[in-house]
Amino acid sequence: MSVIAKPSPTVQQPGGIVLPGYGRSTLADLLPSIAAHLLPDAGTTDVLGLPRAERYVLVMVDGLGRELLERNRQRAPFLAQLLHGSPELTSAVPSTTATSLTTLGTGLPPGEHGIVGYSFRALGEVINALLWDDRLDPVAFQPHPTWFEIFAAAGIASTTVSLATFANSGLTLAGLRGGHFVGLDDETDADTRISRVVEASRRADRSFVYAYERRLDHVGHGSGCESSLWRDTLDTIDAWIEQLRASLDPGTRLLVTGDHGMLDVPSHHHIMLEDTPGLSSGVDLVGGEGRFRQLYTDRPADVAAQWAKRLGERAIVRRREEAVEQGWFGPLDEPVVNRIGDVLVAMRGDWSVMTWQRPGELSLVGQHASLSAVEMRVPLLIA
């Protein structure tokens, strides 16, 4: 049962931040909009204005923010030509992969599906949603049906084409379970990937295929989204998606989106939590990631005040109830409440709060998860 169901705010917000318009223009609205065409009796509405089709292929490019694509039009001519007039779409909050993919797969905001960040509190400690924790049953932890399950149960050929290693991951089983999984051993083999997507789209008269592309995000984290390697990777992705479009049968509708954008954070803009006076005081657990920290404490008012004072204009600091009231997570189910940080810290500009507890994060150049337009806005391209 949802304990809070406040209307979502508009996407445009004062202070240079973007909040999701759940029910109107987020990743949560994409599969219900497709379902309005594939399953007219499902009771959903196409709020995104998608073209009618019997077969849909959705390519999810991890790390493809709308603003990044706009700035790199020359490096992605096929995708860029689809930008004009395309629907506005945002990720959920936080703008990070685990949350976004579960939001997409379930058609629900994170306050309902419960995958509320890259890392968050469960089992009395902080768990990593990408690595998962074998003590957690993914289906019990995220019990809502996914659209992959709904499609398959209705006789629609529902297929995921992704790296084979993701087939039975905790995150896949939590947010993307259902349908038929087609595993890839080599993500650089464009011809094999395209042939498997095309074959999957032909499995039935009505079909839905989800194809996941992770390389742009991986390169962005390691080398930065302003690097030549990132732009070269975008070239490669643009080329294989264009080839895919040419290979699909007439009448099959190709959609392309992203799960979040990204920005580069210089090392001199790392704020070390343990080295900054006052930031550790009263904090029991630290979750989230550099751009969006989730703090767990029994003194939320004191911790929020101290962080707001220390970080100033570099961050937006909210207590959990304030963020929920402002619509960050959408309606909130009771089991999800304590997974969200008691205090939430969304960074502005190109700042991050880092911690020595997770030294591996210090090597990340490209980062995301906060509320800036470059992180929150994602494309929805219709070929």
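On full extension of the chain, what length is gained from residue 269 through residue 180, given 0.36 nm per residue of separation minus the C-alpha to C-alpha distance?
Numbers: separation 89, 0.36 × 89 = 32.04 nm, distance 4.40 nm.
Gain on stretching residue 269 to residue 180: 27.6 nm.
Would you tally the net charge around residue 269, using a Cβ to Cβ cut-off of less than 10 Å, leaving residue 269 out, and scoring K and R as +1, D and E as -1? Don't skip to the answer; put the middle values down first.
Working: positive: 314; negative: 264, 350.
The answer is -1.
Set the Förster distance to 51 Å, then compute FRET efficiency between residue 135 and residue 84 from the Cβ-Cβ distance, nearest 0.05. Kindly include the intermediate steps, with their values, before the conclusion.
Details: r = 48 Å, r/R0 = 0.94.
That pair, residue 135 with residue 84, gives E of 0.60.
Please work out the ratio of the alpha-carbon Rg of region 267-366 to 2.2 N^0.38 Å and round it to two decimals.
On the way: Rg = 13.1 Å, N = 100, 2.2 N^0.38 = 12.7 Å.
Here the answer is 1.04, to two decimals.
At a Förster radius of 35 Å, what calculated FRET efficiency corresponds to the Cβ-Cβ distance of residue 314 and residue 235, to the nearest 0.05? Write out the running numbers ahead of the final one.
Values: r = 34 Å, r/R0 = 0.98.
According to the calculation, E is roughly 0.55.
Order of 240-246, 28-34 by packing, highest average Cβ count within 10 Å first? Each step should come with its number before you reach the end.
Details: 240-246: 18.0, 28-34: 24.4.
Answer by packing, highest mean first, reads 28-34, 240-246.
Could you work out how much longer the chain between residue 302 and residue 249 gets when fully extended? Use 0.36 nm per residue separation minus the Cα distance between them, nm to one decimal. Can you show the working numbers first?
Numbers: separation 53, 0.36 × 53 = 19.08 nm, distance 5.95 nm.
Full extension of this stretch gives 13.1 nm more.
Could you estimate the translational diffusion coefficient of the chain from the Stokes-Einstein equation, with Rh from the Kirkwood formula over C-alpha pairs, at 4 °C and 1.567 mPa s, in whole µm²/s?
Values: Rh = 20.8 Å.
The diffusion coefficient I find is 62 µm²/s.
Full-extension gain between residue 189 and residue 218, please, as 0.36 nm times their residue separation minus the C-alpha to C-alpha distance.
Numbers: separation 29, 0.36 × 29 = 10.44 nm, distance 1.70 nm.
So the extension gain works out to 8.7 nm.
What is the Cα centroid distance between region 330-383 and region 217-287, reported in whole angstrom?
The two parts, judged by their Cα centres, are 12 Å apart.
How high is the relative contact order of the chain, in percent, with contacts defined as C-alpha pairs under 8 Å that are six or more residues apart? Each step should come with its number before you reach the end.
Values: 872 pairs, mean separation 105.9, N = 383.
RCO, the chain: 28 percent.
With a/c under 1.5 counting as rounded, go ahead and sort region 92-233 into rounded, prolate or oblate using the C-alpha gyration tensor (a ≥ b ≥ c being the square roots of the eigenvalues; past the cut-off, prolate if a/b is larger than b/c, else oblate).
Numbers: a/c = 1.95, a/b = 1.07, b/c = 1.83.
Note, shape of region 92-233 comes out oblate.
Kindly put 264, 185 in sequence by how many other C-beta atoms sit within 10 Å of each C-beta, fewest to most. Walk me through the intermediate numbers first.
Details: 264 17, 185 9.
If I rank by nearby Cβ atoms, fewest first, I get 185, 264.
Below 8 Å, C-alpha to C-alpha, sequence gap of six or more: please give me the relative contact order for region 267-366 in percent.
Numbers: 146 pairs, mean separation 38.2, N = 100.
Taking the mean separation of contacting Cα pairs over the length of region 267-366, I get 38 percent.
Could you work out the local net charge near residue 170, counting Lys and Arg as +1, Asp and Glu as -1, over the other residues with Cβ closer than 10 Å to its Cβ?
Numbers: positive: none; negative: 133, 134, 137.
The answer is -3.
Since every read-out is calculated from the coordinates, none of them should be taken as a lab result. These figures come from a predicted structure and were not determined experimentally. Positions of Cβ are backbone-derived with ideal geometry, glycine not excepted, and every protein chain shown enters the neighbour counts.
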